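Okay, structure first, notes after.
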């Protein structure tokens, strides 16, 4: 017979069991929403894949049109030795490629403008070359952006606008990565050196050594620094005039003896 005073402790569900029940209740109540989210995610991935494939097809088609226009360049044309007819043909190709760049977008547009700029450079038309490079910048990335902006920097140097070229090279050095950033740094230092600003050139080379210690171009940079240091050592100290050359004074010239003048009454 059971003891009426005997009480048994009430069993409680464990934490893991409670968590399992809560998850089951959530799935039962919201499974439709979860399925909708999964389906939506799959549709987004599918749409992005289709869009990327379409973009690649469009870019290839645009590049093909550029190549077709490029084929009209006279094969016998030699830069610096162009006839008037050849110059006219090349200008026609350049203008056509620029028009394609205005119709295109993305990398294909940048490629069209940069290719046209190269043709204008061959023709010596710096104004059209600059416009083409400026047209490429909004569409260019990576190596294409470097090509467009470095071309503009070179045009600035030729026009005497050195400060603008320095600003462009410095920005490329700070914003590009890898080999492109290294190339921008070396171009900036070289421009400083050509302008006689050896201290600024040295600063860029030192920054190069610290920023890219594993670069295979470290040897080249070390040679450039050694050359700058040697030039600074060979140059005379500022404010000190060089010693005059020890040139012997010319020997005095003795006058030639004059013939005696005969006096009056002297026998001849």
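Is the shape of segment 141-234 rounded, prolate or oblate, going by the alpha carbon gyration tensor and its root eigenvalues a ≥ b ≥ c, with a/c under 1.5 for rounded and a/b larger than b/c for prolate?
It comes out oblate by the Cα gyration axes.
So, in nm, how far is label residue 46 from label residue 162 when the simple model puts each one 7 Å beyond its Cα toward the Cβ?
6.3 nm
Just so you know, all these numbers are worked out from the coordinates, no wet-lab data involved. Given the structure is predicted, the values throughout are model-derived calculations rather than measurements. Virtual Cβ from ideal backbone geometry, glycine too; neighbours counted across all protein chains shown.
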